[in-house]
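The values are calculated or read from the model by the stated rules, or taken from the named source; none is laboratory data. Note that the structure is predicted; figures quoted are calculated from it, not measured. In this analysis, Cβ positions are derived from the backbone assuming ideal geometry, glycine residues included, and neighbour counts consider all displayed protein chains. Surface accessibility is based on the protein's heavy atoms, side chains included, excluding ligands, DNA and RNA. Shrake-Rupley method; radii C 1.70, N 1.55, O 1.52, S 1.80 Å.
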Amino acid sequence: MSETKLLIGSDMIASKDMLNPFVHHLELTSTYDKFKTAFFTIVVLPVRIVAIMTLLLIAWLLATIGLAGVSQTELSERPLSGWRRYIRRWICFVGRSAYLAGGMNMVVKGVKASRREAPLLVIAPHSTFLDSCISYVTGFPSIIARIEDGLNPWVGRVINFTQPVYVRRDDPESRHNTIQEIIRRVKSDQDWPQILIFPEGTCTNRSCLITFKPGAFYPAVPVQPVLLRYPNKLDTVTWTWDGPGALKLLWLTMTQPATTVEVEFLPVYVPSEYEKQNPKAFAEGVRNVMAKALAVPTADYTYDDCRVAVKAGQLGLPMTSNLITVERLRSRLGLTRIKIEDSALVKNMLSFQNRESQPVDLAEFANSLNVTVEDGSLISLFKMHLENEHSSTIDFKKYLLAEYILQKATSKDDLIVLAFKLYGEYFDKEMFEYVLNLVYNLSKSEASVIYNEMTDKPNEIRLADYLQYGKQYPEKIESLQNLSKNSAPRTVTDFSSCGQSFHVDMDDDKKYQ
């Protein structure tokens with residue numbers, strides 16, 4: 001019987017104390033806070049809503065006037081000029097007034113650089129929809145927006161006035177085209193507005209700075225980092241995947257006497273020659289500067305990790321689960337956005353009728369997933385499924401098993417049942433132990449105990465055995481699930497090196513190529 005070891009990359013190591021930037025809990029606990037919120041809801045909130053709606057209507061009218069006679073094509077081809085630029089100042093004034101009417105106090109520190117000094121404004125941390133206030137503080141720069149937003153007859157008018165760089169989600173070349181448009185504008189001799197970008201790509205709780213997307217850094221031009229802080233006793237603004245919804249946050253924010261947001265302009269960051277050639281290094285350099293100024297750590301999370309966190313919550317899985325580690329790597333490779341009918345899983349479903357292993361090397365693995373063989377996330381994903389440290393092939397069916405579970409499962413009760421069904425409703429002992437490790441992080445010895453409790457057969461366990469065990473001992477299944485929530489990633493075998501970080505160097509990569 002082969003021993004299977006899951007090797008975890010250094011950026012995937014997790015613990016009970018791991019930083020989770022996608023969680024925010026907010027409850028009114030004190031009697032004072034509850035009374036204050038009730039009073040402001042009845043007395044102040046209606047007045048604020050009327051004032052904000054009036055000011056937004058004025059902003060819409062100004063934008064409508066400013067866009068009169070300008071087509072969508074003209075907006076994307078050349079910057080607005082003449083009297084239209086003066087309207088931008090008025091819209092900024094009205095926008096800031098709307099936030100002030102809602103009880104938000106904006107404190108500005110530092111000096112904003114001109115377009116000539118820094119064509120791009122990099123904003124972080126991004127933690128709330130209220131971060132849009134930065135547009136009015138920075139002179140209404142161009143933003144990155146979905147094409148659908150610009151078609152909205154109300155909000156779209158104001159968005160269009162910023163002359164945004166539109167993203168078309170139905171266009172497979174959208175990311176490339178967006179980067180090219182940013183490059184065209186920032187290097188143009190025309191007097192385009194500065195471009196404002198939130199490089200994190202999603203909202204966090206400001207406990208750290210997550211990975212910056214490199215798109216803003218491909219132009220290789222100086223950027224100005226801009227920090228956002230919300231130094232309030234009660235945090236009613238943070239909007240994360242796991243936390244209060246937008247309406248609740250808006251209500252609680254507008255029923256506070258005042259909510260402060262600090263905007264700090266840092267010195268312009270000029271990229272080195274190396275950073276000009278390496279957008280990821282450029283992004284990392286800017287992130288480090290901003291993190292130091294904020295006195296917060298950096299964390300190698302991405303926007304795609306948000307979706308993984310949501311999936312983990314839906315399935316009742318801890319973020320330390322090996323199954324979730326697989327999903328994080330797949331997300332970084334863009335595999336979670338592929339339609340299931342186009343995935344490697346569907347193309348290989350017939351292979352599960354044959355119970356033998358399906359060994360592939362790194363090149364074959366990359367080809368099957370249509371991913372570049374040099375991608376670091378692909379190498380980490382490959383190493384997770386190695387039989388041992390000296391192997392050069394993995395069992396591709398075990399990778400497909402994880403993909404199948406994560407695409408099909410809708411609850412934690414589905415996870416192992418689906419795995420059984422994929423394999424014809426029965427496993428040998430080694431495969432059952434592998435599945436328990438993948439889902440619950442159980443070691444080989446722990447999984448072996450569970451196996452022996454479920455069946456007396458030496459090398460065969462059926463779905464019926466598993467289901468019958470769950471009916472007879474529901475408390476044991478519940479205990480197993482709760483145990484996994486508090487455990488760090490472990491291996492199917494009892495290797496003591498499991499969970500140790502590894503570093504992929506060039507010589508190591510070549511072994512798999």
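Worth a mention:
- Amide H contacts of Gly316 (H built 1.01 Å from N, under 5 Å, at least 5 apart or other chain): none
- Phi to ³J(HN,Hα) by Karplus 6.51 cos²θ - 1.76 cosθ + 1.60 over region 135-142, Hz, x for Gly, Pro: 4, 7, 7, 9, x, 6, x, 5
- Accessible area in the full protein assembly, largest first, 1.4 Å probe, for Leu400, Leu100: Leu100, Leu400
- Listed residues Pro458, Ser76, Pro125: farthest to the positive end of the dipole of the chain (Cβ charges): Ser76
- 3J(HN,Hα) from dihedral phi, region 42-48, Karplus parametrisation 6.51/-1.76/1.60, rounded to Hz, x for glycine, proline: 7, 9, 9, 4, x, 5, 5
- Take every pair of alpha-carbon atoms less than 8 Å apart whose residues are at least six positions apart; their mean separation over the length of the chain yields a relative contact order of 20 percent.
- The modelled label-to-label distance between Leu26 and Thr372, using points 7 Å beyond Cα along the C-beta direction, is 4.0 nm.
- Backbone phi angles across region 220-236, fed through the Karplus curve with coefficients 6.51, -1.76 and 1.60 (θ = phi - 60°), yield HN-Hα couplings of 6, 10, x, 10, 10, x, 10, 9, 10, 10, 10, x, 10, 4, 10, 8, 9 Hz in residue order; Gly and Pro are listed as x.
- With protein chains left intact and a 1.4 Å probe, residues in region 251-396 average 44 Å² of accessible area per residue.
- Convex hull of region 143-270 built on C-alpha atoms - directionally averaged projected area, nm²: 10.1 nm²
- Prolate/oblate/rounded call for region 50-128, Cα gyration tensor, a/c under 1.5 rounded: oblate
- Solvent-accessible area per residue in region 204-243 equals 33 Å², computed with a 1.4 angstrom probe and all protein chains kept.
- Computed over region 87-201, Cα set: Rg, Dmax in Å: 14.5, 42
- The chain - convex hull of the alpha-carbon atoms, volume per residue in Å³: 169 Å³
- Inter-label distance for Glu389 and Lys408, nm, one decimal - labels placed 7 Å from Cα along Cα-to-Cβ: 3.6 nm
- Amide H contacts of Leu209 (H built 1.01 Å from N, under 5 Å, at least 5 apart or other chain): Thr298, Ala299
- Within the accessible area of the chain (1.4 Å probe), percent carbon and sulfur: 55 percent
- Solvent-accessible area per residue, Å², over region 89-201 with all protein chains present [probe radius 1.4 Å]: 46 Å²
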